[in-house]
Amino acid sequence: MSKDTPRPDTDAADDAANNAAADVAADVADDMADGVTGAAEDEIDAPAAAVGEDAPEPETDQETDQAPDQETNSIEDLMAQLEQAQAKADEYLDSLQRERATFQNYKKRIEREREDQRQAITGGLLLKLLPTLDDFHRAMAAVPADQRDQWFEGVALIQRKLERFLEDAGVTEIEAEGQPFDPKFHEAISVDADSEAESGTITQVLQRGYKHGERVLRPAMVRVAE
């Protein structure tokens with residue numbers, strides 16, 4: 001027999017080694033398969049859990065009904081606030097109009113008082129000139145017609161200047177002779193019983209009367225027919 005006779009034992013060992021390697025490979029493959037399956041399941045479960053935690057709960061019928069009610073209440077509140085603001089605006093406008101009317105009346109009253117005061121002061125000064133004008137009238141009337149020379153004409157010129165000054169200041173003479181007696185403008189000194197004029201008619205002017213605008217500076221002194 002040759003030296004290679006023990007070979008059968010060697011083949012058996014190789015077969016055993018091969019079988020053991022195959023078993024190990026199968027176990028490794030099974031473990032890898034289990035790991036992949038577990039990872040896949042974890043990935044599937046994770047989104048599901050996330051969806052379960054974050055997803056909003058569906059609205060109930062009660063919550064759906066409350067939303068229009070809240071909007072209606074909000075609109076009603078806004079309308080109420082708008083009405084209140086409009087009421088205040090109307091109140092302020094009415095108050096402003098009243099104040100403006102009051103101020104306009106005050107302004108007119110002040111202007112009228114100032115005008116009356118101005119006329120009173122001016123009238124007082126003009127009234128002091130009337131006796132001088134009366135003296136001119138009496139002096140000129142006392143000069144006989146045949147003696148009215150250049151001196152007379154010079155004095156008459158001075159008289160006309162004074163009369164023109166008074167006219168420019170708004171002074172006018174009150175009409176009297178031949179007019180019906182008016183107590184607002186005339187002062188009766190005596191009654192003329194011999195006159196043929198109608199009763200109540202002024203027959204003679206004893207002193208001229210004057211007005212400053214519509215204000216009487218001095219009433220005319222007159223005689224009135226009986």
- Task: Report the dimensions of the stretch 172-226 along its three principal axes from the alpha-carbon atoms, largest first, rounded to Å.
- Result: 35, 15, 14
- Net lengthening on full extension, Ala193/Asp146 (0.36 nm per residue, minus Cα-Cα): 13.5 nm
- Note on the structure: the stretch 104-139 scanned against label point 7 Å out from Ala169 along Cα→C-beta; backbone N under 18 Å for 115-137
- Item | Exposure proxy ranking, count of Cβ atoms within 10 Å, fewest first, for Met140, Met221, Met79 | Met79, Met140, Met221
- Query: How far apart, in nm, are two points set 7 Å out from the Cα along the Cα-to-Cβ line at Gln84 and at Arg208?
  - Reply: 7.6
- Provide Val216, Val222 in ascending order of the number of other Cβ atoms located within 10 Å of each residue's Cβ, fewest first. Val216, Val222
- If you build the Cα gyration tensor of the stretch 69-226 and take the root of 5 times each eigenvalue, what three semi-axes come out, in whole angstrom, biggest first? 66, 22, 10
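Readers should treat all values here as calculations from the given coordinates under stated rules, not as data from a laboratory. Since this is a predicted model, take the numbers as computed values, not measurements. Positions of Cβ are generated from backbone atoms using ideal geometry, with glycine treated the same way; all protein chains shown enter the neighbour counts.
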